Amino acid sequence: MCLIVFSVMKVRGKIHLPAGRKTMLVGGGLTGFINGLLGISGPLSSAVFLTLGLSPVAYIVSEATAAAAMHIVKAVTYGKFDLMNMHIFLNGFFIGCAMMLGNFIALRLVSHVNKKPYQRVVACVMIAVSLWLFVTV
């Protein structure tokens, strides 16, 4: 529900978090904590990156870099505790490869999009996904 409120406020221009290292540090820590507990943080990290006012390509690259770093650390940690076997690793690896291909294709489209409309689209998708999760779970 918080993501819906955040997204609506972002679309309407009512929320302005300071773009800087403190916002990234607090947002990244909160996102990492929630991802470590639940394994999901995509919408939350999207909300953090939306506050930075990045161009569409910079937004995607920043989100991808953070996700890659987080997932590498998780894979190593789960492997050290024998919580991941080769079957799980290969499933994640192949899904990740497919996601990289999708991102590469999408980059061609996103590189020509203006920042403000793109941020609105991302916020609206966050609202739609949050509502869908709220209704189906």
Here is a list: Pro56, Pro43. Which entry is within 22 Å of Gly27 (Cβ to Cβ) and at pLDDT 85 or above? Pro56
Every pair of residues 6+ apart whose Cβ atoms lie under 6 Å, when the first sits in segment 45-65 and is under 21 Å from Ile105 (Cβ atoms) while the second is of a type in the set (Ser, Thr, Tyr) and surrounded by fewer than 16 Cβ atoms within 10 Å (Cβ to Cβ): Val57/Ser111
Is it true that Ala69 is under 26 Å from Pro18 (Cα atoms) and surrounded by fewer than 13 Cβ atoms within 10 Å (Cβ to Cβ)? yes
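Return yes when Phe93 is aromatic (Phe, Trp, Tyr) and within 14 Å of the chain's Cα centre (by Cα) and no when it is not.
Numbers: aromatic (Phe, Trp, Tyr): yes; within 14 Å of the chain's Cα centre (by Cα): no.
No, not satisfied.
Condition first: of a type outside the set (D, E, K, R), out of contact with any Leu (no Cβ under 8 Å at 6 or more places or on another chain), assigned to a helix (DSSP H, G or I) and touching a residue at least 40 places away in the same chain (Cβ under 8 Å). Now tell me which residues in segment 113-125 satisfy that.
Tyr118, Cys124
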Number of the condition not met by Leu83 [criteria: (1) exposed (fewer than 13 other Cβ atoms within 10 Å of the Cβ); (2) part of a helix (DSSP H, G or I); (3) not basic (Lys, Arg)]: (2)
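Right, Val110: loosely packed, with under 13 Cβ neighbours inside 10 Å and without any contact (Cβ under 8 Å) to a residue 60 or more places away in the chain or not? It would help to see each step written out before you state the result.
On the way: loosely packed, with under 13 Cβ neighbours inside 10 Å: no; without any contact (Cβ under 8 Å) to a residue 60 or more places away in the chain: yes.
Answer is no for this residue.
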Restricting to segment 128-137, what's the tally of residues that are in a helix (DSSP H, G or I) and either under 14 Å from the mean Cα position of the chain (by Cα) or surrounded by fewer than 10 Cβ atoms within 10 Å (Cβ to Cβ) (or both)? 4
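The values are calculated or read from the model by the stated rules, or taken from the named source; none is laboratory data. Treat the numbers as computed from the prediction; the structure is a model and nothing was measured. Using ideal geometry, Cβ is built from the backbone for each residue, glycine included, and neighbour counts are taken over all protein chains shown.
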